[in-house]
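Submitted below is the structure of interest, expressed as structure tokens.
The values are calculated or read from the model by the stated rules, or taken from the named source; none is laboratory data. None of the values given here were measured: they were computed from a predicted structure. Methodologically, a virtual Cβ is constructed for each residue, glycine included, from the backbone with ideal geometry; neighbour enumeration extends over all protein chains shown. Just the protein is used for accessible areas: all its heavy atoms, side chains included, with ligands, DNA and RNA removed. Shrake-Rupley method; radii C 1.70, N 1.55, O 1.52, S 1.80 Å.
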Amino acid sequence: MWSQTCFFLLSAVLAYAADDVLYKSCSQVKLCKQNRELEKRNRFNVNPEAVAVFAKGLASFRVQNVEEREDFFLNVTALEGNIFRLQVEERESVRYHIQHVLDGDPTPIKFDKVQFTLQDANIIVGNNRVIVNYSPLSVEFYENEVLQFVVEGDRLTLENEDLRHPFTFGVTFPQASHLYGLHEHSDHLALRTTEPNGADPYRVRTIDYINYELYSTMAMYGAIPALYGHGSNSTSGLFLHNAAEIWVEITNEAVGGPGAYFMVDSGAFDLFVLLGPSITDVVRQYTSLTGVAHLPPIWSLGYHQCRWGYANQQDVQTVIAAMDINDFPIDVIWLDIQHTQDMKFFTWNTQNFSDPFAMLQNLSSTNRYLVVLSDCHFKMEEGYFVYDESLANDYFIKNLDGTVYVDEGWPGPSSWMDYLNPDARDYYSSLYLYENWNGTTPTLGGVWNDMNEASVFNNDTEKTFPYDLVHYGGVSNRDIHNMYNLLQVMATHKGLEDRDNGTRRPFILTRAHFAGTQRYAAFWTGDNTAEFGYIPISYSMCLNANLLGFVFCGADVGGFFDEPTEELLQRFVQSGAWLPFFREHSNIGSERREPYLFPEEVQKTLREAMKTRYAHLPVWYTLFYEHMRNGDPVIRPLFYHYPSDPDVFEIDDQLLLGSDILVKAVGESGVESVQVYFPGGEELLWFSAQLDGTFYPGAGLTDVPVTIDRIPVFYRRGSIIVTKQTSRPSTTDMKDDYYTLFAFLKNDSTATGTVYIDDNLSFEYRDSMRYNYVSLVSYGNIIVYSSIDDSDSQDFDLKIEEVITVTPETSHDGSLTGRCLKTSYKYTADGIPLNQIKLKGKETASIKLY
């Protein structure tokens with residue numbers, strides 16, 4: 001039976017990926033073709049006698065069309081946190097305004113002053129000024145009297161057709177040199193210039209981009225219409241609150257600063273302007289609007305083993321046992337669609353997974369978790385309870401004529417759940433309850449929402465939903481296509497939270513994603529290929545996502561399509577260990593690539609990379625907490641911390657884990673050295689993570705030798721890196737282990753760091769403030785510890801095994817010798833072993849080390 005199923009699925013995936021030209025270019029899509037070369041000219045003027053200012057920071061301008069067509073209102077609202085909102089409202093608007101994307105309603109604030117002339121209006125709020133120019137129409141945004149952002153009126157258009165309501169507009173970033181955002185594309189972090197005679201504009205639409213190409217502006221699984229402009233002195237940004245298809249032309253060399261021209265298929269003109277003025281400010285402003293993820297369960301930060309797909313429950317048990325025997329840490333094993341009966345979700349394959357409860361019990365006994373696939377299409381089969389109940393209750397998406405939409409998915413003819421319908425979401429959530437999903441236990445720790453662009457096996461519609469499907473309330477798919485995934489993961493998250501009565505943090509992996517999806521799920525970069533180029537592109541894509549609030553990102557380690565060489569697999573694992581989501585995954589029919597199947601010298605390299613990941617889990621966990629606390633990315637491009645250094649603006653094959661760990665991906669075969677950019681200036685030193693005495697000044701590009709054993713990783717001088725050095729099989733086994741601190745002392749013998757501790761699984765940190773968030777300062781051989789918050793830190797003591805200080809060696813004249821000195825401390829000056837001291841919360845303690 002397994003071999004027959006495997007043959008069927010292999011045949012299906014080959015047919016699924018057969019057409020290389022099914023995705024449309026700009027010239028093939030009416031929206032882009034008609035508007036790309038739209039003439040720049042004045043189409044609108046503000047009527048100076050029709051301006052209104054309201055008490056809660058809202059100014060409304062009546063805008064007249066110079067061609068005597070219908071006029072509209074332009075509304076400017078000031079919001080907390082250096083944010084403005086620009087909205088267009090037509091008199092008889094039929095445009096759809098999306099919901100569920102924002103993390104609550106933004107808070108308006110009052111204007112400090114408004115001045116009107118016959119030519120413009122000046123709105124002053126704190127250090128910000130907004131000037132609305134009446135003719136020609138434009139809106140200028142200033143921060144501290146410096147022009148940061150402009151909405152140009154010369155390519156503003158608004159159309160209303162029978163089934164679509166397209167609009168266009170242009171923006172410029174006068175202080176920027178580079179633009180970032182418009183996730184998701186398999187491209188460089190810094191957006192390229194697109195021109196009518198060059199690359200297509202960036203397409204922002206969720207589609208299943210099979211065998212996606214490197215360095216392409218074609219749409220992919222994710223669609224986040226946010227854009228940042230960054231220069232050496234300041235940063236500003238925008239977020240277009242719209243879930244329709246968008247094409248964006250980028251011009252980096254425009255007069256007045258880099259520019260972007262948006263062509264939007266439908267929906268409302270609802271633009272948030274983020275005035276920074278720093279990149280940190282802009283990222284925090286964006287996440288204040290769309291939200292941040294709750295803390296993940298710590299096991300989800302460990303290693304995940306996956307393939308399409310594990311054959312039966314004995315296979316699952318065998319893989320976990322072999323990982324343990326061969327000393328490879330692992331926290332999660334995954335099941336693809338074969339775990340279901342005839343590809344019907346919320347069922348089990350009765351032949352190959354006949355006793356899922358026993359399988360989960362076995363996993364639980366090893367402190368491991370299971371994640372299973374659950375797509376958004378449902379087999380059209382009478383007798384399949386999900387299909388029958390959804391059909392009876394009108395929970396499926398419809399065609400224009402009111403009939404249920406049916407097309408091809410993995411099970412054959414299928415229908416898709418209409419998650420815009422709140423009753424359908426509640427029904428879908430209920431399917432995850434233990435009493436409704438037979439054989440499940442808490443060890444089934446997470447769910448994999450795949451194919452939710454949505455992916456449809458129909459080449460005529462670019463393998464996704466047709467534009468004019470109808471969702472709940474008569475809403476056109478044009479208006480919400482990009483947020484369909486968000487609605488699904490909202491429902492999945494609620495179901496997982498409800499099944500455990502809110503006591504456990506859900507884990508969800510989604511492929512498609514939109515603004516706001518980050519509040520509920522992790523994502524991965526989709527079906528990549530076993531080629532070296534897909535290693536650095538995973539850093540570029542995940543860095544972009546982190547800037548746009550979606551921090552829990554990873555790539556298929558080893559490559560989904562094709563077979564990696566041993567060298568390539570080692571480089572994939574080494575680089576993937578430094579991305580937030582760390583999962584090996586491969587296509588159906590691929591060779592098995594569990595790490596214990598390789599020669600011992602390869603196993604050794606893979607084992608070291610995986611154990612390095614686990615040793616740094618305190619760093620990862622703390623950064624996820626700090627993201628939840630303030631919105632900062634977990635991994636960061638170099639310009640995030642070195643914003644005035646133009647040499648780092650285009651670097652995207654390196655990342656910073658927080659501010660203190662620098663990682664360089666190795667994306668070429670057979671290299672003996674790579675170029676690493678060390679930022680920060682000559683005074684800042686970066687120490688090799690191997691602690692072999694090597695360090696480099698922050699002097700820019702430097703040749704660094706590499707071997708197959710590891711990729712370049714460095715610790716920043718002045719930081720305290722908090723680790724757990726005891727090797728364990730899983731994160732659960734590590735829970736009570738002691739910490740090892742590495743303090744890289746500055747010239748004044750100081751270093752700083754933080755560490756976050758809680759129960760790793762529950763929401764008590766959020767609901768009852770049960771956690772310990774600790775500040776660490778090293779003064780040479782003295783460590784000062786203090787709790788940052790007045791939280792309930794009982795049971796979350798900081799238990800230290802060892803402190804290792806690292807300093808560069810100096811000669812008699814004070815110059816650096818090129819070597820570093822390491823000092824290990826395991827005792828206090830009173831001779832007490834460090835591991836006998838419990839540093840409790842709600843106190844400040846100073847320990848002198850010996």
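Compute the distance in nm between two label points, each set 7 Å from the Cα along the Cα-to-Cβ direction, one at ASP792 and one at GLU382.
5.5 nm
Chymotrypsin sites (Phe, Trp or Tyr not before Pro), restricted to the range 134-172: which are DSSP loop and have at most 13 other Cβ atoms within 10 Å?
none
I've got another one for you. Please work out the average accessible area per residue across the chain, using the 1.4 Å probe convention, and give it in Å².
Heavy-atom accessible area per residue stands at 35 Å².
Counting C-alpha atoms alone, how compact is the range 568-721: give Rg to one decimal and Dmax as a whole number, in angstrom.
Looking at the range 568-721, its Cα Rg and Dmax stand at 16.2, 53 Å.
Only residues of the range 647-682 count here: report those whose backbone N is under 20 Å from the spot 7 Å along Cα→Cβ of ASP703, or say none.
664-679
A follow-up question, please. What length, rounded to one decimal in nm, is gained on full extension from TYR738 through to ALA254, with 0.36 nm per residue of separation minus their alpha-carbon distance?
Numbers: separation 484, 0.36 × 484 = 174.24 nm, distance 5.55 nm.
Here the segment from TYR738 to ALA254 would lengthen by 168.7 nm.
Still on this structure: Express the C-alpha Rg of the range 144-211 as a ratio against the empirical globular expectation 2.2 N^0.38 Å, rounded to two decimals.
1.42
Let me ask something else about it. How long are the semi-axes of the ellipsoid equivalent to the range 24-88, from square roots of 5 times the Cα gyration tensor eigenvalues, in whole Å, largest first?
Square roots of five times the eigenvalues give 30, 19, 8 Å.
Viscosity 1.002 mPa s, temperature 20 °C: what is the translational diffusion coefficient of the range 640-696 from Stokes-Einstein with a Kirkwood Rh over Cα pairs, rounded to a whole number of µm²/s? Kindly include the intermediate steps, with their values, before the conclusion.
Numbers: Rh = 12.8 Å.
Translational diffusion coefficient: 167 µm²/s.
Compute the projected area of the convex hull of the Cα atoms of the chain, averaged over all viewing directions, and report it in nm² to one decimal place.
It is 36.1 nm².
Further, regarding this structure: For the range 779-829, what are the per-bin percents of Cα-Cα distances with bins 5 Å wide, up to the bin holding the maximum?
For the range 779-829, the pair-distance distribution reads 4, 13, 19, 16, 14, 14, 8, 5, 4, 2, 0.
Now for a different question. Counting only DSSP beta bridges with both residues in the chain, what percent are antiparallel, rounded to the nearest 5?
Working: 152 of 185 bridges.
Beta bridges within the chain, antiparallel portion: roughly 80 percent.
Need the full-extension length gain, ASN42 to GLU563, defined as separation in residues times 0.36 nm minus the C-alpha distance. One decimal, nm.
182.0 nm
Of all DSSP beta bridges located in the range 308-428, what percent are antiparallel, nearest 5?
Around 70 percent antiparallel, to the nearest 5.
Right, here's the next one. On the accessible surface of the chain, probed at 1.4 Å, how many percent belong to carbon and sulfur atoms?
That share works out to 47 percent.
What is the calculated FRET efficiency for ASP426 to SER365, with r their C-beta to C-beta distance and R₀ = 35 Å, to the nearest 0.05? Please list the in-between numbers first.
Working: r = 35 Å, r/R0 = 0.99.
That gives a FRET efficiency of 0.50.
So how many Lys-Lys pairs in the range 771-840 land under 14 Å Cα to Cα, not counting same-chain pairs under 8 apart?
Here the count comes out as 4.
Given the Cα-Cα distance of HIS97 and THR810 and 0.36 nm per residue of separation, how much length would full extension add, in nm? It would help to have the intermediate numbers written out before the result.
On the way: separation 713, 0.36 × 713 = 256.68 nm, distance 6.37 nm.
Between HIS97 and THR810, full extension yields 250.3 nm more.
Once both labels are modelled 7 Å past Cα along the beta-carbon direction, what's the LEU163-ARG819 spacing in nm?
7.6 nm
Using helices alone, I'd like the mean residue ellipticity at 222 nm for the chain: each DSSP H run of four-plus residues gives -39500 (n - 2.57), total over residue count, nearest 500.
That calculation yields -5500 deg cm²/dmol at 222 nm.
Moving on to the next point. Mind giving me the nanometre distance, one decimal, between the label points for LYS110 and GLU608, set 7 Å out from Cα along Cα→Cβ?
6.5 nm
Now, a different point. So if R0 is 41 Å, what FRET efficiency would SER60 and SER27 give, r being the distance between their Cβ atoms, rounded to the nearest 0.05?
On the way: r = 39 Å, r/R0 = 0.94.
With a Förster radius of 41 Å, E is 0.60.
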